[in-house]
1. Might you check whether a residue that is on the phi > 0 side of the Ramachandran plot, at pLDDT 55 or above and not small (Gly, Ala, Ser) occurs anywhere in the stretch 73-94?
2. Out of all the residues in the stretch 64-87, is one or more in a loop (DSSP other than H, G, I, E, B), closer than 22 Å to THR157 by Cβ and open to solvent by 70 Å² or more (accessible area, probe 1.4 Å)?
3. Would you check if there is a residue in the stretch 28-38 being closer than 21 Å to ASP124 by Cα and either modelled with pLDDT of 55 or more or touching a strand residue (DSSP E or B) at 6+ places or on another chain (Cβ under 9 Å) (or both)?
4. For LEU54, state whether it is modelled with pLDDT of 70 or more, within 14 Å of PHE121 (Cα to Cα) and of a type in the set (A, V, I, L, M, F, W, C).
5. Inspect all residues belonging to the stretch 132-151 and state whether any of them is at pLDDT 70 or above and hydroxyl-bearing (Ser, Thr, Tyr).
Amino acid sequence: MANLSSVCYAILVLLGASQALQLVTRDVDIAGVTKFQSALLLIDGKQTTCESVLVDSNAGFVAASCLKYTSDGDVDTDVKYELAVRAGGSTTTEVYPITQIDSHKEYNPETYVNNLAVIQFNPDKEVTWQNYIGIDPEEWDDHYFIRRSLSSVSSLTWNNIIAFANTDTPSIQGI
């Protein structure tokens, strides 16, 4: 049986070619970035600098370099991984346990080649939603770098968003 990451990679390839895929053009300016879901990886209850790309209410991607590994190269399952997720346009943040992690089988921690891991979270499916991910950068009007962080993990409060558009000077967006 294929592992989750192989299945997810195959699905992404198929979705990219699918006529049924709902891709949307996002006419978004920097001030509008708060409308999208944001997620931050927590390790053992502490904030990391690692954000997650959310596919839907149950799966996402993180950099494999954000995870902890055992001496034999497997993801350390003794570590408590969680995802702090803020719904777009909302002030509500939920923390979900990450129930499965599949790091790319050819991830190289020295060169960061294949620096990708698929995560599963929200096992009780209390909330459901889907993100529409633009997959062709050539079609994008603007490129953004967005940096989100929590000011407090215990109260789940977020710092203002630091955002760059193309080569602009950074701006800070209130949330």
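1. no
2. Checked against the condition, which is being in a loop (DSSP other than H, G, I, E, B), closer than 22 Å to THR157 by Cβ and open to solvent by 70 Å² or more (accessible area, probe 1.4 Å), the stretch 64-87 yields at least one hit.
3. The answer is yes, given that some residue of the stretch 28-38 is closer than 21 Å to ASP124 by Cα and either modelled with pLDDT of 55 or more or touching a strand residue (DSSP E or B) at 6+ places or on another chain (Cβ under 9 Å) (or both).
4. Answer is yes for this residue.
5. The answer is yes, given that some residue of the stretch 132-151 is at pLDDT 70 or above and hydroxyl-bearing (Ser, Thr, Tyr).
The values are calculated or read from the model by the stated rules, or taken from the named source; none is laboratory data. Quick caveat: nothing in here was measured; it's all calculated off a predicted structure. Reconstructed Cβ throughout: ideal geometry from the backbone, glycine too, with neighbour counts over all protein chains shown. What goes into the accessible areas is simple: the full protein's heavy atoms, side chains included, and nothing from ligands, DNA or RNA. Shrake-Rupley method; radii C 1.70, N 1.55, O 1.52, S 1.80 Å.
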